[in-house]
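The values are calculated or read from the model by the stated rules, or taken from the named source; none is laboratory data. This structure is a prediction, so every number in the text was calculated from the model and none was measured. Cβ atoms come from the backbone with ideal geometry, glycine included; neighbour counts cover every protein chain shown.
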Amino acid sequence: MAADPKAMKIEAARAALGHVEDGMKLGLGTGSTADEFVRLLAEKVAAGMKVVGVPTSVRTEQLARELGIPLATLEEEPALDLTIDGADEIGPGLSLIKGGGGALLREKIVAAASKKMIVIADESKVVETLGAFPLPIEVNQFGLRATMIAIEEAGRRSALTGEIKVREKDGKPFVTDGGHLIVDASFGRIPATKAFADDLNMIPGVVEHGLFIGLASLALVATPGGVKVID
Ligand code: 5RP
(Lines give C-alpha, C1' and ligand atoms only; values in the text may rest on other atoms or scores of the structure.)
Protein backbone atom coordinates (compact mmCIF):
# COMPACT_ATOMS: atom_id res chain seq x y z
CA MET A 1 0.00 0.00 0.00
CA ALA A 2 1.20 3.52 -0.78
CA ALA A 3 2.26 5.43 2.33
CA ASP A 4 1.00 8.85 1.36
CA PRO A 5 -1.61 10.22 3.79
CA LYS A 6 -4.45 10.47 1.28
CA ALA A 7 -3.94 6.90 0.06
CA MET A 8 -3.94 5.67 3.67
CA LYS A 9 -7.18 7.50 4.42
CA ILE A 10 -8.75 5.90 1.35
CA GLU A 11 -7.58 2.44 2.45
CA ALA A 12 -9.07 2.89 5.94
CA ALA A 13 -12.30 4.14 4.38
CA ARG A 14 -12.38 1.18 1.99
CA ALA A 15 -11.98 -1.23 4.91
CA ALA A 16 -14.93 0.43 6.66
CA LEU A 17 -17.06 -0.03 3.59
CA GLY A 18 -16.76 -3.78 4.19
CA HIS A 19 -18.83 -3.30 7.37
CA VAL A 20 -21.70 -1.61 5.54
CA GLU A 21 -24.68 -3.76 4.66
CA ASP A 22 -27.60 -3.10 2.39
CA GLY A 23 -30.43 -1.33 4.21
CA MET A 24 -28.25 0.19 6.92
CA LYS A 25 -28.84 3.56 8.49
CA LEU A 26 -25.42 5.19 8.67
CA GLY A 27 -23.93 8.06 10.61
CA LEU A 28 -21.57 9.92 8.28
CA GLY A 29 -18.61 11.51 10.05
CA THR A 30 -16.76 14.72 9.29
CA GLY A 31 -13.21 15.38 8.12
CA SER A 32 -10.89 14.43 5.29
CA THR A 33 -10.93 10.71 6.16
CA ALA A 34 -14.70 10.62 6.57
CA ASP A 35 -14.95 12.40 3.19
CA GLU A 36 -13.11 9.48 1.57
CA PHE A 37 -15.64 7.09 3.10
CA VAL A 38 -18.52 9.20 1.76
CA ARG A 39 -16.97 9.12 -1.72
CA LEU A 40 -16.60 5.32 -1.66
CA LEU A 41 -20.10 4.89 -0.23
CA ALA A 42 -21.48 7.02 -3.06
CA GLU A 43 -19.98 4.58 -5.57
CA LYS A 44 -21.81 1.71 -3.83
CA VAL A 45 -25.04 3.69 -3.82
CA ALA A 46 -24.63 4.40 -7.54
CA ALA A 47 -24.21 0.66 -8.03
CA GLY A 48 -27.51 -0.04 -6.27
CA MET A 49 -26.76 -0.32 -2.55
CA LYS A 50 -29.64 0.99 -0.42
CA VAL A 51 -28.52 2.98 2.62
CA VAL A 52 -29.55 6.17 4.31
CA GLY A 53 -26.95 8.54 5.74
CA VAL A 54 -27.24 10.93 8.66
CA PRO A 55 -24.50 13.56 8.28
CA THR A 56 -22.63 14.95 11.28
CA SER A 57 -22.02 18.36 9.71
CA VAL A 58 -23.22 20.73 7.04
CA ARG A 59 -19.95 20.02 5.21
CA THR A 60 -20.60 16.27 5.08
CA GLU A 61 -24.24 16.84 4.20
CA GLN A 62 -23.22 18.92 1.17
CA LEU A 63 -20.69 16.35 -0.04
CA ALA A 64 -23.04 13.40 0.44
CA ARG A 65 -25.91 15.25 -1.25
CA GLU A 66 -23.72 16.19 -4.24
CA LEU A 67 -22.69 12.54 -4.59
CA GLY A 68 -26.26 11.26 -4.48
CA ILE A 69 -26.33 9.48 -1.12
CA PRO A 70 -29.89 9.39 0.31
CA LEU A 71 -29.90 11.44 3.52
CA ALA A 72 -32.05 11.82 6.60
CA THR A 73 -31.79 13.90 9.74
CA LEU A 74 -31.33 12.34 13.15
CA GLU A 75 -34.88 13.51 13.90
CA GLU A 76 -36.14 11.32 11.07
CA GLU A 77 -33.82 8.39 11.86
CA PRO A 78 -32.98 8.51 15.58
CA ALA A 79 -31.56 4.96 15.77
CA LEU A 80 -28.62 4.20 13.50
CA ASP A 81 -26.88 0.92 12.69
CA LEU A 82 -23.36 2.22 12.22
CA THR A 83 -21.39 5.44 12.28
CA ILE A 84 -18.11 5.79 10.39
CA ASP A 85 -15.96 8.73 11.43
CA GLY A 86 -12.36 9.90 11.64
CA ALA A 87 -10.47 10.99 14.74
CA ASP A 88 -7.68 13.32 15.74
CA GLU A 89 -6.24 10.78 18.18
CA ILE A 90 -6.98 7.17 19.00
CA GLY A 91 -5.85 6.22 22.49
CA PRO A 92 -6.11 3.25 24.85
CA GLY A 93 -9.44 1.42 24.89
CA LEU A 94 -10.49 3.23 21.72
CA SER A 95 -10.79 6.50 23.59
CA LEU A 96 -10.63 9.34 21.09
CA ILE A 97 -9.97 13.01 20.67
CA LYS A 98 -12.27 14.46 18.05
CA GLY A 99 -13.31 17.92 16.97
CA GLY A 100 -10.36 19.04 14.89
CA GLY A 101 -12.91 19.80 12.18
CA GLY A 102 -15.23 21.49 14.67
CA ALA A 103 -18.05 18.95 14.34
CA LEU A 104 -17.63 17.17 17.67
CA LEU A 105 -21.09 17.89 19.10
CA ARG A 106 -23.04 16.40 16.19
CA GLU A 107 -20.43 13.66 15.83
CA LYS A 108 -20.91 12.63 19.44
CA ILE A 109 -24.71 12.78 19.29
CA VAL A 110 -24.75 10.69 16.10
CA ALA A 111 -22.20 8.17 17.46
CA ALA A 112 -24.25 7.78 20.66
CA ALA A 113 -27.36 7.12 18.56
CA SER A 114 -25.57 4.32 16.65
CA LYS A 115 -25.30 0.66 17.56
CA LYS A 116 -21.67 0.77 16.49
CA MET A 117 -19.03 3.39 15.71
CA ILE A 118 -16.07 2.54 13.49
CA VAL A 119 -13.14 4.95 13.48
CA ILE A 120 -11.08 5.29 10.34
CA ALA A 121 -7.63 6.85 10.37
CA ASP A 122 -4.06 6.52 9.30
CA GLU A 123 -1.53 5.23 11.81
CA SER A 124 -0.32 8.73 12.75
CA LYS A 125 -3.50 9.11 14.82
CA VAL A 126 -2.75 6.23 17.21
CA VAL A 127 -1.23 7.40 20.51
CA GLU A 128 -0.30 5.88 23.86
CA THR A 129 -1.96 8.68 25.82
CA LEU A 130 -4.48 11.18 24.48
CA GLY A 131 -3.64 14.86 24.54
CA ALA A 132 -0.81 15.82 22.20
CA PHE A 133 -3.59 17.10 19.95
CA PRO A 134 -5.19 20.18 21.59
CA LEU A 135 -8.54 19.12 23.03
CA PRO A 136 -11.46 20.82 21.24
CA ILE A 137 -14.20 21.93 23.63
CA GLU A 138 -17.45 23.33 22.23
CA VAL A 139 -18.74 26.18 24.39
CA ASN A 140 -21.72 28.48 24.48
CA GLN A 141 -20.92 32.03 23.37
CA PHE A 142 -22.60 33.40 26.49
CA GLY A 143 -20.19 33.68 29.38
CA LEU A 144 -17.19 32.64 27.29
CA ARG A 145 -14.61 34.09 29.68
CA ALA A 146 -16.18 32.43 32.74
CA THR A 147 -16.35 29.12 30.89
CA MET A 148 -12.70 29.36 29.90
CA ILE A 149 -11.71 30.02 33.51
CA ALA A 150 -13.79 27.00 34.59
CA ILE A 151 -12.03 24.86 31.95
CA GLU A 152 -8.64 25.99 33.28
CA GLU A 153 -9.74 25.08 36.81
CA ALA A 154 -10.93 21.66 35.66
CA GLY A 155 -7.54 21.19 34.04
CA ARG A 156 -5.72 22.05 37.25
CA ARG A 157 -7.84 19.52 39.20
CA SER A 158 -6.48 16.87 36.79
CA ALA A 159 -2.94 18.31 37.02
CA LEU A 160 -3.27 19.69 33.47
CA THR A 161 -2.10 23.14 32.49
CA GLY A 162 -1.48 24.84 29.20
CA GLU A 163 -2.80 27.38 26.78
CA ILE A 164 -6.49 27.47 25.98
CA LYS A 165 -7.69 29.60 23.12
CA VAL A 166 -10.78 30.30 21.12
CA ARG A 167 -10.50 28.75 17.66
CA GLU A 168 -10.42 31.23 14.80
CA LYS A 169 -11.00 30.91 11.09
CA ASP A 170 -10.10 33.69 8.66
CA GLY A 171 -9.34 36.00 11.59
CA LYS A 172 -12.77 35.55 13.21
CA PRO A 173 -14.02 33.16 15.89
CA PHE A 174 -14.90 29.80 14.33
CA VAL A 175 -18.63 29.14 14.80
CA THR A 176 -19.86 25.54 14.78
CA ASP A 177 -22.89 24.23 12.91
CA GLY A 178 -24.74 24.54 16.23
CA GLY A 179 -23.80 28.23 16.61
CA HIS A 180 -21.24 27.68 19.37
CA LEU A 181 -17.53 28.43 19.73
CA ILE A 182 -14.63 26.00 20.02
CA VAL A 183 -11.99 26.38 22.70
CA ASP A 184 -8.82 24.38 21.97
CA ALA A 185 -7.07 23.30 25.17
CA SER A 186 -3.37 22.50 24.79
CA PHE A 187 -3.06 20.66 28.09
CA GLY A 188 -0.73 17.94 26.84
CA ARG A 189 -1.15 14.31 27.84
CA ILE A 190 -4.39 13.50 29.66
CA PRO A 191 -3.79 10.26 31.58
CA ALA A 192 -7.00 10.41 33.67
CA THR A 193 -9.17 10.85 30.60
CA LYS A 194 -12.50 9.79 32.12
CA ALA A 195 -12.14 11.90 35.26
CA PHE A 196 -11.27 14.97 33.21
CA ALA A 197 -14.13 14.32 30.76
CA ASP A 198 -16.57 14.04 33.67
CA ASP A 199 -15.25 17.27 35.17
CA LEU A 200 -15.67 19.13 31.86
CA ASN A 201 -19.24 17.82 31.63
CA MET A 202 -20.03 19.62 34.89
CA ILE A 203 -19.23 23.08 33.47
CA PRO A 204 -22.51 24.73 32.40
CA GLY A 205 -20.99 26.68 29.49
CA VAL A 206 -19.38 23.56 28.01
CA VAL A 207 -21.77 22.24 25.39
CA GLU A 208 -19.63 19.16 24.67
CA HIS A 209 -15.98 18.19 24.53
CA GLY A 210 -13.90 16.16 22.13
CA LEU A 211 -13.08 13.27 24.46
CA PHE A 212 -15.02 10.29 23.09
CA ILE A 213 -14.94 7.52 25.68
CA GLY A 214 -16.76 4.21 25.26
CA LEU A 215 -18.31 5.21 21.94
CA ALA A 216 -16.05 3.56 19.36
CA SER A 217 -16.20 -0.21 18.99
CA LEU A 218 -13.58 -0.65 16.28
CA ALA A 219 -10.79 1.32 14.65
CA LEU A 220 -9.50 0.61 11.15
CA VAL A 221 -6.03 2.08 11.01
CA ALA A 222 -4.20 2.29 7.71
CA THR A 223 -0.48 1.52 7.81
CA PRO A 224 1.95 1.15 4.90
CA GLY A 225 1.67 -2.61 5.45
CA GLY A 226 -2.13 -2.77 5.38
CA VAL A 227 -5.14 -1.90 7.50
CA LYS A 228 -4.82 -2.80 11.17
CA VAL A 229 -7.94 -3.55 13.20
CA ILE A 230 -8.08 -2.29 16.78
CA ASP A 231 -11.01 -3.46 18.89
C1 5RP B 1 -14.07 16.58 12.96
C2 5RP B 1 -13.31 15.43 13.47
C3 5RP B 1 -12.49 14.66 12.48
O4 5RP B 1 -12.93 13.35 12.48
C5 5RP B 1 -11.06 14.71 12.88
O6 5RP B 1 -10.68 16.08 12.95
C7 5RP B 1 -10.16 13.98 11.90
O8 5RP B 1 -10.16 14.64 10.67
P9 5RP B 1 -9.27 14.14 9.47
O10 5RP B 1 -9.83 12.85 9.00
O11 5RP B 1 -9.40 15.25 8.44
O12 5RP B 1 -7.86 14.01 9.98
O13 5RP B 1 -13.34 15.08 14.62
O14 5RP B 1 -14.72 17.27 13.99
**Prompt:** Is at least one residue of region 88-106 part of a loop (DSSP other than H, G, I, E, B), under 20 Å from Leu26 (Cα atoms) and out of contact with any Ser or Thr (no Cβ under 8 Å at 6 or more places or on another chain)?
**Reply:** yes
**Request:** Scan region 108-118 and give yes if some residue there is within 16 Å of the ligand (Cβ to nearest atom), modelled with pLDDT of 95 or more, touching an Asp or Glu at 6+ places or on another chain (Cβ under 6 Å) and under 14 Å from Gly29 (Cα atoms), otherwise no.
**Result:** yes
**Complete:** Among residues of region 68-99 being among the polar types (S, T, N, Q) and within 14 Å of the ligand (Cβ to nearest atom), the residue surrounded by the most Cβ atoms within 10 Å (Cβ to Cβ) is Thr83
**Prompt:** Among the residues of region 6-19, is there at least one that is more than 15 Å from the ligand (Cβ to nearest atom) and farther than 13 Å from Ile120 by Cα?
**Reply:** no
**Prompt:** Out of curiosity, is Ala34 of a type in the set (Gly, Ala, Ser), within 16 Å of the ligand (Cβ to nearest atom) and at negative phi?
**Reply:** yes
**Complete:** The residue from Ile84, Ile69 that alone is in a loop (DSSP other than H, G, I, E, B) and either within 19 Å of the chain's Cα centre (by Cα) or over 30 Å from Ala192 (Cα atoms) (or both) is Ile69
**Message:** Which numbered condition in (1) touching a strand residue (DSSP E or B) at 6+ places or on another chain (Cβ under 6 Å); (2) buried (at least 18 other Cβ atoms within 10 Å of the Cβ) is the only one that Gly155 fails?
**Reply:** (1)
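With the structure loaded, tell me whether Ile137 is within 13 Å of the ligand (Cβ to nearest atom) and either closer than 26 Å to Glu36 by Cβ or touching a Pro at 6+ places or on another chain (Cβ under 8 Å) (or both) or whether it fails that test.
Values: within 13 Å of the ligand (Cβ to nearest atom): yes; either closer than 26 Å to Glu36 by Cβ or touching a Pro at 6+ places or on another chain (Cβ under 8 Å) (or both): no.
No; evaluated as a whole, the condition is false for this residue.
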**Request:** Give the residues of region 110-141 that are part of a strand (DSSP E or B), of a type in the set (D, E, K, R) and closer than 15 Å to Ser95 by Cβ, sorted by residue number.
**Result:** none
**Request:** Within region 158-209, count every residue that is of a type in the set (A, V, I, L, M), surrounded by fewer than 18 Cβ atoms within 10 Å (Cβ to Cβ) and closer than 21 Å to Gly131 by Cα.
**Result:** 5
**Request:** Within region 41-66, work out how many residues are away from the ligand (no atom under 13 Å from the Cβ), surrounded by 15 or more Cβ atoms within 10 Å (Cβ to Cβ) and outside any loop (DSSP other than H, G, I, E, B).
**Result:** 9
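Would it be correct to say that Ala192 is over 15 Å from Pro136 (Cα atoms) and at pLDDT 95 or above?
Working: over 15 Å from Pro136 (Cα atoms): yes; at pLDDT 95 or above: no.
When the stated conditions are applied, Ala192 does not pass them.
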